[in-house]
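The values are calculated or read from the model by the stated rules, or taken from the named source; none is laboratory data. Remember, predicted model here, so these are calculated numbers, not experimental data. For neighbour counting, all protein chains shown are included, and Cβ atoms are generated from backbone atoms with ideal geometry for every residue, glycine included. Quick note on the areas: whole protein, heavy atoms, side chains included, nothing else; ligands and nucleic acids left out. Shrake-Rupley method; radii C 1.70, N 1.55, O 1.52, S 1.80 Å.
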Amino acid sequence: MSEIAQLEQQILSDIAAANDETALEAVRVAALGKNGSITALLKTLGALPPEERKSRGPLLNGLKDRVNVALSARREAFKRAGLEARLNSESVDVTLRVREAPAEIGRVHPLTQVFDEVTTIFADMGFSVAEGPDIETDDYNFTKLNFPEDHPARDMQDTFFFNTKPDGSRLLLRTHTSPVQVRTMLSQKPPLRIICPGRTYRSDSDQTHTPMFHQVEGLVVDRSSHLGHLKWILEEFCKAFFEVDRVKMRFRPSFFPFTEPSLEVDIQCRREKGEVRFGEGDDWMEILGCGMVHPNVLRNCGIDPDEFQGFAWGMGIDRVAMLKYGMPDLRAFFEADIRWLSHYGFRPLDWPTLAGGLSG
């Protein structure tokens, strides 16, 4: 048997013995690679006499072609075997329900939904959104809002304070979004008509209170605003938000350092079988506090209280979300339970609009 025939027999035998594509590639490199056995023989052709080169050249090229054909056939065999193995191991149960698309599975958190609903309603009334930092100064959070130095809200048990600075001052996590009203009055001239939604922080935690919660406050400052305007705004908001045709409201005297007079607002409701229905019944539920902006607050923010007056209100976003959508415990809002979110969450494309309805 000639040298070329022996080499072909050996290479074809190695190809047949390769049990995977890695081993097959090793056989190809050993035969046809830069330093392969067939490549080495092809390199010797140039040194042969012309007559011998004519006879030996076709033999070596034929060997190379046959080896390539054998390699390709073996690769195809591996591919077929792999496909057959997948078909045998993978199966589809056509009796199973089709999986929902990600857009159908995902849910918008109820707090995000309620933020959008509240913003939509007040935007329709002509209010703009103002925002500010969560970390505030004592001056913006308390002093400019007419809090006395000895007010209980300044105590550590009610407010999260940072460590005292060398100059004696200390920052805090804002206890309400009222500092945003202060920043707006300091940076813009009246007339003002804003809402201030955002996170707030107080040292409190139980079924209806959490250390971090959400508020939306509103502020109107101009030359002619009065409590009648405030009452109309709150009535229209409640009718739109709770989706009732009418709502009966009760304004009770109260006290807040930053408003005078100060009022708390109750809305008529009926409690029955663990549910609360608004706009009917003989019961009342408190939902927010409000009042005319205290002249000292206007003065602290560079606004002349003899020329301008205003009113403000504030309500808890988490609380009104509980009331509207029947959620029994505030703490569940922050526990990241996917089962709770699947039950109470909203589909991503169900954004609220006043024309199309707020709850879809």
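Return a whole-number percent for the relative contact order of the stretch 7-138, with Cα pairs under 8 Å and 6 or more residues apart as the contact set.
The value is 20 percent.
Compute the acute angle (0 to 90°) between the alpha-carbon long axis of helix 21-32 and the principal axis of greatest extent of the alpha-carbon atoms of the chain; round to the nearest 10°.
Approximately 40 degrees, to the nearest 10.
Looking at C301, T164, G106, which one has the Cα that reaches farthest to the positive end of the dipole of the chain (charges on Cβ: Lys, Arg +1; Asp, Glu -1)?
Working it through, the farthest residue towards the positive pole turns out to be G106.
Can you pull a Stokes-Einstein diffusion coefficient for the stretch 169-249 at 20 °C (1.002 mPa s), Rh from Kirkwood over Cα pairs, as a whole number of µm²/s?
After rounding, the answer is 142 µm²/s.
Determine the order of V247, V94, V129 by accessible area, beginning with the largest, at a probe radius of 1.4 Å.
Final ranking, largest accessible area leading: V94, V129, V247.
Identify which of L171, L341, L63 has the largest mean-square fluctuation in a Gaussian network model of the chain, with springs joining Cα atoms closer than 10 Å.
Of the options given, L63 has the highest mean-square fluctuation.
For the stretch 78-120, place one equal point scatterer on every Cα, skip the solvent, and apply the Debye formula. What is log10 of I(q)/I(0) at q = 0.13, 0.16, 0.17, 0.32 Å⁻¹?
-0.59, -0.67, -0.70, -1.02
Suppose we look only past 18 Å in the calculated P(r) of the stretch 119-275. What percent of the Cα-Cα pairs does that tail hold?
More than 18 Å apart: 67 percent of the Cα pairs in the stretch 119-275.
Express in Å², to the nearest 10, the accessible area of D116 obtained by rolling a 1.4 Å probe over the protein heavy atoms while all chains stay in place.
Accessible area, nearest 10 Å²: 50 Å².
Looking at the chain, which longest stretch skips every one of the GluC sites (Glu not before Pro) that is in a DSSP loop with at most 16 other Cβ atoms within 10 Å, leaving the sites themselves out?
My reading of the result: 150-242 is the longest stretch.
Rg to Rh for the stretch 39-118: what is it, with Cα atoms only and Rh by Kirkwood?
1.60
If ligands, DNA and RNA are left out, what is the accessible area of M212 with a 1.4 Å probe, given in Å² to the nearest 10?
Per-residue accessible area (M212): approximately 50 Å².
Give the lysines whose C-alpha is closer than 29 Å to that of K248, dropping any in the same chain fewer than 8 places away, or say none.
Of all the lysines, those that pass the test against K248 - Cα under 29 Å, at least 8 places apart if same chain - are K231, K239, K273, K324.
I'd like the FRET efficiency for R271 and R331, computed as 1/(1 + (r/R0)^6) with the beta carbon distance as r and R0 of 35 Å, rounded to 0.05.
Using R0 = 35 Å, I get an efficiency of 0.95.
In the chain, which longest range has no trypsin sites (Lys or Arg not before Pro) that are both DSSP loop (not H, G, I, E or B) and surrounded by at most 16 other Cβ atoms within 10 Å?
274-360
Please compute P(r) over all alpha-carbon pairs of the stretch 259-311, binned at 10 Å starting from zero, and give each bin as a whole-number percent.
23, 31, 19, 17, 9, 0
Among the aspartates and glutamates, select those whose C-alpha is under 16 Å from the C-alpha of K64, and discard any that sit fewer than 8 residues away in the same chain.
The qualifying aspartates and glutamates are E3, E8, D14, E25.
Using θ = phi - 60° and the Karplus relation 6.51 cos²θ - 1.76 cosθ + 1.60, list the HN-Hα couplings for the stretch 331-347 in order, rounded to whole Hz, with x at every Gly or Pro.
4, 5, 4, 10, 8, 6, 7, 5, 5, 5, 5, 5, 7, 9, x, 10, 5
On a 0 to 90° scale, report how tilted helix 50-89 is relative to the longest principal axis of the chain, with both axes built from alpha carbons and the result rounded to the nearest 10.
40
So if the hydrodynamic radius of the stretch 182-317 is defined as the Kirkwood radius over C-alpha pairs, what does Stokes-Einstein give as its diffusion coefficient at 25 °C and 0.890 mPa s, in µm² per second?
Using the Kirkwood radius from Cα pairs, D works out to 151 µm²/s.
Taking the Cα atoms only, what angle lies between the long axis of helix 3-17 and the longest principal axis of the chain, rounded to 10 degrees?
Compared with the principal axis, the helix lies near 30 degrees.
Would you kindly give the portion of the calculated P(r) for the chain that falls above 28 Å, as a percent of all Cα pairs?
More than 28 Å apart: 62 percent of the Cα pairs in the chain.
Might you tell me the accessible area per residue for the stretch 120-250, computed with a 1.4 Å probe and given in Å²?
Here the per-residue accessible area is 50 Å².
What are the ³J(HN,Hα) couplings of the stretch 121-131, residue after residue, when phi is run through the Karplus curve with 6.51, -1.76, 1.60 and θ = phi - 60°? Round to Hz, x for glycine and proline.
3J(HN,Hα) across the stretch 121-131, in whole Hz: 5, 6, 4, 5, 8, x, 8, 9, 9, 10, 10.
Bin width 5 Å, alpha-carbon pairs only: give the P(r) of the stretch 277-336 as whole percents, running from 0 to the bin holding the largest distance.
4, 13, 17, 14, 12, 10, 10, 11, 7, 1
What's the whole-number percent of alpha carbon pairs in the stretch 59-158 lying beyond 17 angstrom?
For the stretch 59-158, the share of Cα pairs beyond 17 Å comes to 80 percent.
At 1.4 Å probe radius, can you tell me the per residue accessible area of the stretch 9-58 in Å²?
Per-residue accessible area for the stretch 9-58 comes out at 63 Å².
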